[in-house]
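Take a look at the structure below.
The values are calculated or read from the model by the stated rules, or taken from the named source; none is laboratory data. Keep in mind the model is a prediction, meaning the values are calculated, not measured. Neighbour counts are summed over all protein chains in view; Cβ atoms, including those assigned to glycine, are modelled from backbone coordinates with ideal geometry.
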Amino acid sequence: MKYWLQYSKGGNLRFIGHLDMLHSWERILRRARVPLAFSQGYSPHPLLSLAAPLPVGLISQAEYLELVTTEAVPNLTEMIAVAVPSDIRVAGAVAVPDKTKPLMGLIRYADYLVEGIAEGQRAQLEKTLADFLGQTSVIRTVRRKSGMKRVDIRPLVHFAHLQGTTLRLRLSIGSVANLRVEDLLQHLDLIPSSLQIAREQLYLDVDGKAVTPFQYAAATGTALEG
């Protein structure tokens, strides 16, 4: 059985990187006695993956873990909830067909909440943001796995709204197009390390509409658990 698990991540876990977080989930699921399925071959490993890497230093209200089990686990949420540390809160789980594409390859957008902007920065940020949104193309040099690359980041920002000293964003992420929230904030003349940044939700793209993984599962007729 394949499951998508939604959870929040905060506290000291915001300093844990992607691979360390995946290893932490492996230990949690073993402790919870979840019957994990393993890959084949000389070095079997649990069939686990995180939907999208969360930059170190960020907290999140909606992260997703994909896992495969050897049998149906009707009480999966309850089993895991008692085994997680206090900095993780399990929101629920959804069973999806085994042939469903890996969630990591389906994620297209992410919502972010940025707080801690100084009151004295607000007027300049309003102007900088308006100038940015008014353009059709904004080329910026950003870091990629292959090194530094010039990218048009404007099409990757789908929503940006400043209310007081709080900035809400929806950015492209994933394998098709990706913009790190830190790169956008630096382009807006903000210092990411001085701000409180939370990822609020992840989305798939279905016929041009952003839907959460659980909404996608419900629309395709799979059963929610938890």
(1) touching a strand residue (DSSP E or B) at 6+ places or on another chain (Cβ under 7 Å); (2) of a type in the set (S, T, N, Q); (3) more than 30 Å from R144 (Cα to Cα): which one isn't true of N75, the others all being true?
-> (1)
So, in the range 178-191, of the ones that are of a type outside the set (D, E) and touching a residue at least 40 places away in the same chain (Cβ under 8 Å), which residue ends up farthest from E119 (Cα to Cα)?
-> R180
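Could you say whether any residue in the range 63-74 is within 19 Å of L113 (Cβ to Cβ) and of a type outside the set (A, V, I, L, M)?
Yes, the range 63-74 contains at least one residue that is within 19 Å of L113 (Cβ to Cβ) and of a type outside the set (A, V, I, L, M).
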When the residues of the range 158-178 are filtered to those that are in a strand (DSSP E or B) and touching a Lys or Arg at 6+ places or on another chain (Cβ under 6 Å), which remaining residue is farthest from Q124 (Cα to Cα)?
-> H158
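Quick one: in the range 192-226, of everything that is assigned to a loop (DSSP other than H, G, I, E, B) and modelled with pLDDT of 95 or more, which residue is farthest from P55 (Cα to Cα)? It would help to see each step written out before you state the result.
Initial filter on the range 192-226 (assigned to a loop (DSSP other than H, G, I, E, B)): 195, 207-208, 212, 220-223, 226.
Narrowing further to those that are modelled with pLDDT of 95 or more: 195, 212.
Numbers: L195: 14, T212: 20 Å.
My answer is T212.
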May I ask you to verify whether S137 is in a loop (DSSP other than H, G, I, E, B) and either on the phi < 0 side of the Ramachandran plot or not charged (D, E, K, R) (or both)?
-> yes
Out of curiosity, is G116 surrounded by fewer than 17 Cβ atoms within 10 Å (Cβ to Cβ), without any contact (Cβ under 8 Å) to a residue 60 or more places away in the chain and not assigned by TED's automatic domain parsing to the domain that holds R30?
-> no
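When you go through S60, S39 one by one, which is the residue that is surrounded by 20 or more Cβ atoms within 10 Å (Cβ to Cβ) and small (G, A, S)? Walk me through it before giving the result.
Values: S39 fails: surrounded by 20 or more Cβ atoms within 10 Å (Cβ to Cβ).
Among S60, S39, only S60 is surrounded by 20 or more Cβ atoms within 10 Å (Cβ to Cβ) and small (G, A, S).
So that you can scan it fast, the table gives a plain yes or no per residue for (1) exposed (fewer than 15 other Cβ atoms within 10 Å of the Cβ); (2) modelled with pLDDT of 95 or more; (3) closer than 22 Å to D205 by Cα:
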site: R140; (1), (2), (3): no, no, no
site: R144; (1), (2), (3): yes, no, no
site: K149; (1), (2), (3): yes, no, no
site: I153; (1), (2), (3): no, yes, yes
site: V157; (1), (2), (3): no, yes, yes
site: T166; (1), (2), (3): yes, yes, no
site: S172; (1), (2), (3): no, yes, yes
site: S175; (1), (2), (3): yes, no, yes
Check whether at least one residue in the range 91-112 is assigned to a helix (DSSP H, G or I) and more than 23 Å from the chain's Cα centre (by Cα), and report yes or no.
-> no
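I want to confirm something. Restricting to the range 183-211 and keeping residues that are touching a strand residue (DSSP E or B) at 6+ places or on another chain (Cβ under 6 Å) and closer than 23 Å to K99 by Cβ, which single residue is surrounded by the most Cβ atoms within 10 Å (Cβ to Cβ)? Steps first, answer last, please.
If we filter the range 183-211 for residues that are touching a strand residue (DSSP E or B) at 6+ places or on another chain (Cβ under 6 Å), which is where we start, we get 183, 187, 195-205, 210-211.
Next cut, closer than 23 Å to K99 by Cβ only: 202-205, 211.
Working: L202: 25, Y203: 23, L204: 21, D205: 16, V211: 17.
Looking at residues that are touching a strand residue (DSSP E or B) at 6+ places or on another chain (Cβ under 6 Å) and closer than 23 Å to K99 by Cβ, I get L202.
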